[in-house]
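Accompanying notes for the structure given below.
The values are calculated or read from the model by the stated rules, or taken from the named source; none is laboratory data. None of the values given here were measured: they were computed from a predicted structure. Counting neighbours? That spans all protein chains shown, and the Cβs are built from the backbone with ideal geometry, glycine included. Surface accessibility is based on the protein's heavy atoms, side chains included, excluding ligands, DNA and RNA. Shrake-Rupley method; radii C 1.70, N 1.55, O 1.52, S 1.80 Å.
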Amino acid sequence: AEDDARESAQQTEYRSFLTRAVVSLALGAVAMVLSMPLMSGATHGGHAATDPLQAWVMRVWDPWLRAAWPGIYAVDPRLIAWLLMGLTVFVMAWAGRHFYTRAWTALSHGAADMNVLVAVGTGAAFLYSVTATVAPQLFTASGASADVYYEAIVFILSLLLLGHALEARAKTQTMTALRRLARLQPATARVKRG
């Protein structure tokens, strides 16, 4: 009975992680598409991308997205940034909540673990992006572009959740294999002496 309860709890944990990972990955894809107009040179005063990956994305995917969905480039970039902020808050609060609660617990005990690393990294990116969304003039006054990194936050959380889901599935499969192995043990045995 204890094994059945433990296996049921692990199955529930696996489904929970998988659901949150899949929803977060889908929202990450939406965030990536919505971020394309924000990354384009037209919305950043013509600044060219210095990051090689961003430059490649802008060279390859930006023209395709402009042709497939030109209306998105007509939307005010500030509105897109606010939408991305709302989407990110949802993912952080719903899908990634356990990272932040576990990080708080670890810090309150004077320890640091992976959850603290995730919380600090995504939290810093979120605060930077919120500042760029709410007060972009703080960046543009010095000639810098007010870039936001909401899609990165969502993807980081979703990939970590996917990793947790795979780990939970592996635990469940290991538990099942061990139970099957234990069932192979015969209930009775004959001992032949001499």
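So if I average 1/r over every pair of distinct C-alpha atoms in segment 91-194 and take the inverse, what Kirkwood radius in Å does that give?
Final number for the Kirkwood radius of segment 91-194 is 17.7 Å.
Could you put 169, 190, 179 in order of accessible surface area, largest first, with the 1.4 Å probe and the full protein assembly present?
190, 169, 179
Rounded to the nearest 0.05, what FRET efficiency is calculated for residue 60 and residue 180 with R0 set to 41 Å and r the Cβ-Cβ distance?
That pair, residue 60 with residue 180, gives E of 0.25.
So which DSSP H runs in the chain come out at 27 Å plus along the axis (Cα) with average Kyte-Doolittle of at least 0.5?
114-134, 150-183
Might you work out the accessible area of residue 2 for me, using a 1.4 Å probe with all protein chains in place, and round it to the nearest 10 Å²?
Number for this one is 140 Å².
Tally Lys and Arg at +1 and Asp and Glu at -1 over the other residues with C-beta under 14 Å from the C-beta of residue 122: what net charge comes out?
My count for the surroundings of residue 122 gives +1.
If I take all pairs of Cα atoms in the chain, what percentage of them are more than 22 Å from each other?
60 percent
Report the FRET efficiency, 1/(1 + (r/R0)^6), for residue 170 and residue 4, where r is their Cβ-Cβ distance and R0 is 22 Å, rounded to 0.05.
Between residue 170 and residue 4 the formula returns 0.70.
When only alpha-carbon atoms count, how far does segment 1-108 stretch along each of its three principal axes, as whole angstroms with the largest first?
Sorted from largest, the Cα extents of segment 1-108 read 63, 34, 26 Å.
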